[in-house]
1. Working carefully through the options 256, 217, 273, 238, find the one that is part of a loop (DSSP other than H, G, I, E, B) and modelled with pLDDT of 95 or more.
2. Collect the residues in segment 72-98 that are part of a strand (DSSP E or B) and either within 14 Å of residue 181 (Cα to Cα) or touching a His at 6+ places or on another chain (Cβ under 9 Å) (or both), keeping them in residue-number order.
3. Test residue 171 against the criterion of being of a type in the set (D, E, K, R) and surrounded by fewer than 17 Cβ atoms within 10 Å (Cβ to Cβ), and give yes or no.
4. For a quick check of your reading: which strands (runs of 3 or more DSSP E) sit entirely within segment 1-71 and have at least 2 residues that are surrounded by 18 or more Cβ atoms within 10 Å (Cβ to Cβ) and either touching a helix residue (DSSP H, G or I) at 6+ places or on another chain (Cβ under 6 Å) or of a type in the set (Val, Ile, Thr) (or both)?
5. Check every one of the helices (runs of 4 or more DSSP H) wholly within segment 108-158 and list those with 2 or more residues that are more than 22 Å from residue 205 (Cα to Cα) and either touching a residue at least 12 places away in the same chain (Cβ under 8 Å) or not small (Gly, Ala, Ser) (or both).
6. From the list 397, 378, which one is surrounded by fewer than 20 Cβ atoms within 10 Å (Cβ to Cβ), under 29 Å from residue 482 (Cβ atoms), modelled with pLDDT of 95 or more and under 24 Å from the mean Cα position of the chain (by Cα)?
7. Name the single residue that is surrounded by the most Cβ atoms within 10 Å (Cβ to Cβ) among those in segment 113-134 being farther than 21 Å from residue 301 by Cβ and in contact with a Phe, Trp or Tyr (Cβ under 8 Å, 6 or more places away or on another chain).
8. Which one of 413, 439, 388, 381 is among the β-branched types (Val, Ile, Thr) and without any contact (Cβ under 8 Å) to a residue 40 or more places away in the chain?
Amino acid sequence: MAEQVYLAVDLGASSGRVLAGLFDGGRLRLEEVHRFDNGAIDLGGSLYWDLPALWKNISDGLRIAGVTYGDRIRSVGVDTWGVDFALLGRDDTLLGNPYSYRDRRTEGMMDAAFARASRDEIFDHTGLQFMPFNTLYQVLAMRQSRSPLLDVAESFLMIPDLIHWLLTGVKANEVTNASTTQFYDPRKQTWAYDLFKKLDLPTNILGKLIQPGTKLGKLRASVAADTGLTNVEVVVPGTHDTASAVVAVPADYKPGEHPDWCYISSGTWSLMGVEVPQPVVSEKVRQLNFTNEGGVGGTTRLLKNITGLWLVQECRRVWNQAGKEYRWDAFNRLSAEATPLRSFIDPDDPAFATPGNMPEAIASYCERTGQPVPEDDGAVIRCALESIAMKYRYVLGALEELVERRIETIHIIGGGTQNRQLCQATADACGRRVVAGPIEATAIGNVVIQAIAAGAVGSLSEAREVIRDSFSVETFEPRDTAAWNEAYSRFEKLITR
């Protein structure tokens, strides 16, 4: 078949990109069209996403794609991070820039929620991991502060829903991102209206839920004119970036089977879990604080959120502001030269959750836990990376307890696969084979869902076969497991305090 083009708009918390997926009926390849920075902006003491800048960069990327690929472009779809949202008022007026989940307004909101609905009740409604920045607590923060925006809001859109609305004029809530809110019921596959009401939150803003692969329609006339993309359809992928990334796991697995692998979608966050046929809303899942998020093809992602390369990204930001201007390859070299398995942090400690002086926060944590304080920049990075790998091991044990079987292979997908030191540390810490790749898993998953919607690919299992045939991976085998086992006993004491 003639090579068709599907455009993926893939927005992450630190960068965004527009990529083209070129599919000839057998093999898929990606070409980067436009890449740009992203990040929360401090305005008046609050953290927001710069929506106008994001939209300009998306439009620029689509315009470049139009010039490059012309009438071969079949469709476009958007994926982003979870939990964050925007509100529209009367006549679809956008009510401000969206807040970033790292804004401090959610502090204390979990306790405020538990005063109205117990922890057990919230989990029973949603099956979701408790995290202070979940959308539920963001909306509750607006109610507690008597936000006038919440009073006049008529529509609630997650970030990818917002971009799809800007592209098409169609308002809808895609389920994989809706499932990150902690007011979506994965068993009933609808909004948890009763929970929302109990917390005195407005249910009228919750919109129509749609599945990945839904065709929203053509681009708005104004967008088509601006970008030159005529007769291009908008197809909703798994709009939560992890949902799309999991589609790209190059495993030979068919729905209904019990796989012996798990995935880590590695980037600013690491999301570690398994793909299961239905939600697992059990007491054990609640105790271990795992989450049930919507997947593609009616699947569920049983997973846990772990702080990932955010630790390293923040260190680099602080050091570069001080004039060091580290490149990523310099980071890898410095870290490789540092003493291994010397000090650890719990990556998910609240001390590391918000922007600040990350190297200082890591040093302070080591000091107050009676460990050697990292003596230079390389030691700080090695501490962060080895601690992330150790947290993977901790979560792997809990995951095997939930699925009641041994997991033999860990698939690492996403941008974190480029950090070979972290990949090897994961194999060493977990004592498991690690298969790293593909790098652009999220965009690949986004693209193949569009191809399925177009009829160019027949099913999710067929899409994974295409991915295996199209993209290379790298395998890491465990090394020096005795030293890592000894070190893990020290790490485990930190996170069970």
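The values are calculated or read from the model by the stated rules, or taken from the named source; none is laboratory data. The model shown is predicted, which means the values in this text are computed figures rather than measured ones. Using ideal geometry, Cβ is built from the backbone for each residue, glycine included, and neighbour counts are taken over all protein chains shown.
1. 238
2. Hits for segment 72-98 are 77, 78, 79, 80, 85, 86.
3. No.
4. Numbers: elements: 4-11, 15-23, 28-37, 40-43, 46-49.
Result: 4-11, 15-23, 28-37.
5. 109-114, 119-126
6. Of the residues listed, the single one that is surrounded by fewer than 20 Cβ atoms within 10 Å (Cβ to Cβ), under 29 Å from residue 482 (Cβ atoms), modelled with pLDDT of 95 or more and under 24 Å from the mean Cα position of the chain (by Cα) is 397.
7. Ranking the qualifying residues of segment 113-134, first place goes to 113.
8. When all the criteria are applied, what remains is 439.
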